[in-house]
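Take a look at the structure below.
Derivation of every value follows stated rules applied to the coordinates shown; laboratory data play no part. In this text the structure is predicted, and so the values were computed from the model without any measurement. Ideal geometry is used to build each Cβ from the backbone, glycine not excepted, and the neighbour counts take in all protein chains shown.
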2 protein chains.
Amino acid sequence: MTSTHHIILLAHGSSDRRWCETFEKLAEPTLNSIENSTIAYMELAEPSMDTVVTQAKSQGASQFTVVPLFLAAGRHLRKDVPAMIKAISEEHAVTMRLADPIGYNPQLGLAIRDVVQEELAKPAE
Amino acid sequence: MTSTHHIILLAHGSSDRRWCETFEKLAEPTLNSIENSTIAYMELAEPSMDTVVTQAKSQGASQFTVVPLFLAAGRHLRKDVPAMIKAISEEHAVTMRLADPIGYNPQLGLAIRDVVQEELAKPAE
């Protein structure tokens, strides 16, 4: 990865701070291990993708990969997000690629199995 | 885990089959490795939690743990799902425990990091 490449972890966003805090925590291992990576929100919270692209571009980024922190693709990922990405990439003259939602990667299914196994190991209440 | 205990992997549900297929695939490693586990949908798709509880109870299940296949808790997990669980457990005279959404478990953050690293290893288009 060159320093002109930037990763955006895209979460849905909410006016409820607890929602955003959950995603910030989920993003932490990625942000700590991958340089030039940032979380952004589709709506209802900051930073937006536009904010992140503006700032990263001012620091030299010209290519963006958007990784959706969504388990599956609904209307947002099929319509709204591609439209936002088209508008933002044109406005800022950068290239942006939309990756599959994280839930398409088999790693997630394995992590879910591990979570459920931990759940079962808990003493009954 | 006794055979009277049943795990429900609860996904949001959608009228779009592709949405449900994504969750079925995500659930697969869990369903394959944990006996008495089933996927259910909160709305817009079958099986519902009510359907799953009815069937599992007829096979002897009396305790249910509901693991939400949600990354974070919004209105659905804070209000709608607890209300559904209360109604279903009363109707069927079973005990049902709502676990945290999978996104609260640090395993998920690590899986997201691995997914992003795979994304970065892909050749540029």
Checklist entry - All other residues with a Cβ under 13 Å from the Cβ of A:Pro82 taken together, and with Lys, Arg as +1 and Asp, Glu as -1, what is their net charge? => result +2
Next on the checklist: How many angstrom lie between the Cα centre of region A:88-125 and the Cα centre of region B:56-98?
Outcome noted: 23
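Give me the dipole magnitude in Debye, nearest 20, for region A:5-121 about the Cα centre, with unit charges on the beta carbon: positive for Lys and Arg, negative for Asp and Glu.
Numbers: 10 positive and 15 negative charges, 69 e Å.
The dipole magnitude comes to about 340 debye.
Just from its helices, what would the mean residue ellipticity at 222 nm be for the protein assembly as shown, if runs of 4 or more DSSP H residues each count -39500 (n - 2.57) and the sum is divided by every residue, rounded to the nearest 500 deg cm²/dmol?
-14000 deg cm²/dmol
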Next on the checklist: What does the copy distance list look like for B:Glu118, label position 7 Å along Cα→Cβ, in nm and ordered from shortest?
Outcome noted: 2.0
Checklist entry - Say a label goes 7 Å from Cα toward Cβ at B:Leu44 in every copy; what distances in nm does this one have to the rest, shortest first? => result 1.4
Checklist entry - Could you give the radius of gyration (one decimal) and Dmax (whole number) of the Cα atoms in the protein assembly as shown, in Å? => result 19.3, 63
Next on the checklist: Checking the table B:Lys25/B:Lys86; A:Lys57/B:Lys122; A:Lys86/B:Lys25; A:Lys25/B:Lys86; A:Lys86/B:Lys79 against a 24 Å threshold on Cα-Cα, which pairs fail?
Outcome noted: B:Lys25/B:Lys86; A:Lys86/B:Lys25; A:Lys25/B:Lys86; A:Lys86/B:Lys79
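Can you give the translational diffusion coefficient of region A:5-121 in µm²/s, computed by Stokes-Einstein from the Kirkwood radius over Cα pairs at 20 °C and 1.002 mPa s?
Answer from the Stokes-Einstein relation: 143 µm²/s.
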Checklist outcome for this item: The chain A residue whose Cβ lies closest to the rotation axis carrying chain A onto chain B, with that distance rounded to whole Å, is A:Ala111, 2
Item to check | Loop GluC sites (Glu not before Pro), region A:1-104, which have at most 16 other Cβ atoms in a 10 Å radius of their Cβ (DSSP) | outcome: A:Glu35, A:Glu43
Item to check | Rule-of-thumb Rg ratio for region B:1-61 [Cα; 2.2 N^0.38 Å; N residues] | outcome: 1.11
Item to check | FRET efficiency estimate (nearest 0.05) - Cβ-Cβ, A:Glu90 to B:Glu24, R0 41 angstrom | outcome: 0.65
Checklist outcome for this item: For A:His92, the net charge from surrounding residues (Cβ-Cβ under 13 Å; K, R +1; D, E -1) works out to -1
Item to check | 7 Å along Cα→Cβ, label-point gaps from B:Gln59 to other copies, nm, shortest first | outcome: 5.2
